[in-house]
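Working notes, beginning with the structure itself.
The values are calculated or read from the model by the stated rules, or taken from the named source; none is laboratory data. Remember, it's a predicted structure, so these values are computed and weren't measured experimentally. Positions of Cβ are generated from backbone atoms using ideal geometry, with glycine treated the same way; all protein chains shown enter the neighbour counts.
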Amino acid sequence: MNQLLQDLVNVLTLERLESNLFRGQSRDIGSAQVFGGQVLGQALAAASATIEGRMVHSLHAYFMRRGDFDAPIVYEVDRARDGHHFSTRRILAIQHGEQIFNMSASFQIAEKGREHQAGMPDVPGPEALKDSGDYTRDLLPQLPETLRRLLENKRPFEFRPVQPPSFLSNQPQPALIQIWFRAIDRLPDDEVLHRCVLAYASDCNLLYAAMRPHGLSHATPNIAIASIDHAMWFHHDVRVDEWLLYSVDSPSASGGRGFVRGSIFRADGRLLASIAQEGLMRVRAR
């Protein structure tokens, strides 16, 4: 396996301290704090380790404090309920004696039922699009150091945006982003792992959709952005090492917060997961 992807798998593989207590390590991906998707993926891995024969179908999480790269994160799982068909887990992420994150997750026994779904957007396939790095490579000298550090960091995913990124433009644009992504190498045939990796990736690129109508971007001077909460629903089994389309729109922004919702489709059009998030979106006084 590619070393970058193997390192992500290692991050999502937690040390079990007690039957309901786990410890995870962090990676600096170039952001100002521990990446929210990492905590999502680790919390889901911790909860999944207390479940047998059931797969996560939804999670609801709150980000409460910044995570510290240099200290481990402890995950405490509360086995809230095990019913005939569903199980519920509550997860606390603790660092330096304080909660930095909490999450509830629901798991279900595999079950057949009636199905319908929204259609996949009509967009070019990934083969017709450029890698996100091809758009930003020439812009790097003009970008703020914090953003440049994030973009220069090598990632375990390929990203191919449908709408080219516009970090240096302050012109309002539609509140929509669509991007193809996949892991850069093959992952084991482990559905729990694929769902944890998808939870990790689901926190990428989301809030940009809420920034675009206001001519804002990650390069806007004095901008403060951070995830506040995150909800995710899994509709079908997932393979994150195959091309997936992430389509995100933002129907509202208010009170210094942006609200976004996303749909993740398989290349053949099947809707695999839905996401909703609200995040801090504030331009501070200089």
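Hey, could you check the stretch 136-171 for residues that are in a helix (DSSP H, G or I) and among the charged types (D, E, K, R) and say which is nearest to PRO124 (Cα to Cα)?
GLU152
For the stretch 47-54, state whether one or more residues are basic (Lys, Arg) and assigned to a loop (DSSP other than H, G, I, E, B).
Within the stretch 47-54, one or more residues are basic (Lys, Arg) and assigned to a loop (DSSP other than H, G, I, E, B).
Collect the residues in the stretch 85-102 that are part of a loop (DSSP other than H, G, I, E, B) and without any contact (Cβ under 8 Å) to a residue 24 or more places away in the chain, keeping them in residue-number order.
Within the stretch 85-102, just GLY97 meets the criteria.
Within the stretch 194-237, count every residue that is part of a loop (DSSP other than H, G, I, E, B) and under 19 Å from GLY30 (Cα atoms).
12
Among all residue pairs at least 6 apart or on different chains, which show Cβ distances below 8 Å where the first residue, located in the stretch 1-24, is without any contact (Cβ under 8 Å) to a residue 12 or more places away in the chain and the second is assigned to a strand (DSSP E or B) and buried (at least 16 other Cβ atoms within 10 Å of the Cβ)?
Here the result reads GLU15/PHE22; GLU15/GLY24, each pair linking the stretch 1-24 to a residue that is assigned to a strand (DSSP E or B) and buried (at least 16 other Cβ atoms within 10 Å of the Cβ).
Return the pairs, sorted by first residue and then second, in which the second residue is at pLDDT 95 or above and outside any loop (DSSP other than H, G, I, E, B), the first residue lies in the stretch 69-80 and is over 10 Å from THR50 (Cβ atoms) and of a type in the set (A, V, I, L, M, F, W, C), the beta carbons are less than 6 Å apart, and the residues are 6+ apart or on different chains.
Sorted first by the residue in the stretch 69-80, then by its partner, the pairs are ALA71/GLN95; ILE73/GLY24; ILE73/ALA93; ILE73/GLN95; VAL74/ARG23; VAL74/ILE94; ALA80/THR88; ALA80/ARG90.
Restricting attention to the stretch 238-271, which residues are part of a strand (DSSP E or B), farther than 18 Å from MET281 by Cα and among the β-branched types (Val, Ile, Thr)?
ILE264
Out of everything in the stretch 45-67 that is touching a strand residue (DSSP E or B) at 6+ places or on another chain (Cβ under 8 Å) and over 30 Å from ILE225 (Cα atoms), what residue ends up being surrounded by the fewest Cβ atoms within 10 Å (Cβ to Cβ)?
Across the stretch 45-67, the extreme among qualifying residues is MET55.
Which one of ASP122, ASP70 is exposed (fewer than 14 other Cβ atoms within 10 Å of the Cβ), at pLDDT 95 or above and assigned to a loop (DSSP other than H, G, I, E, B)?
Answer to the check: ASP122.
Yes/no per residue for (1) surrounded by fewer than 17 Cβ atoms within 10 Å (Cβ to Cβ); (2) touching a strand residue (DSSP E or B) at 6+ places or on another chain (Cβ under 6 Å); (3) within 22 Å of PRO213 (Cβ to Cβ):
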position	(1), (2), (3)
ASP134	yes, no, no
ARG148	no, no, no
ARG160	no, yes, no
PRO164	yes, no, yes
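Exactly one condition in (1) of a type in the set (Asp, Glu); (2) within 28 Å of ASP7 (Cβ to Cβ); (3) at pLDDT 95 or above is false for ASP134; which is it?
Looking at each condition in turn, ASP134 falls short on (3).
List the pairs whose first member sits in the stretch 213-236 and is at pLDDT below 90, whose second member is among the polar types (S, T, N, Q) and not in a loop (DSSP other than H, G, I, E, B), and whose Cβ atoms are under 9 Å apart, counting only residues at least 6 apart or on separate chains?
HIS218/THR146; ALA219/GLN142
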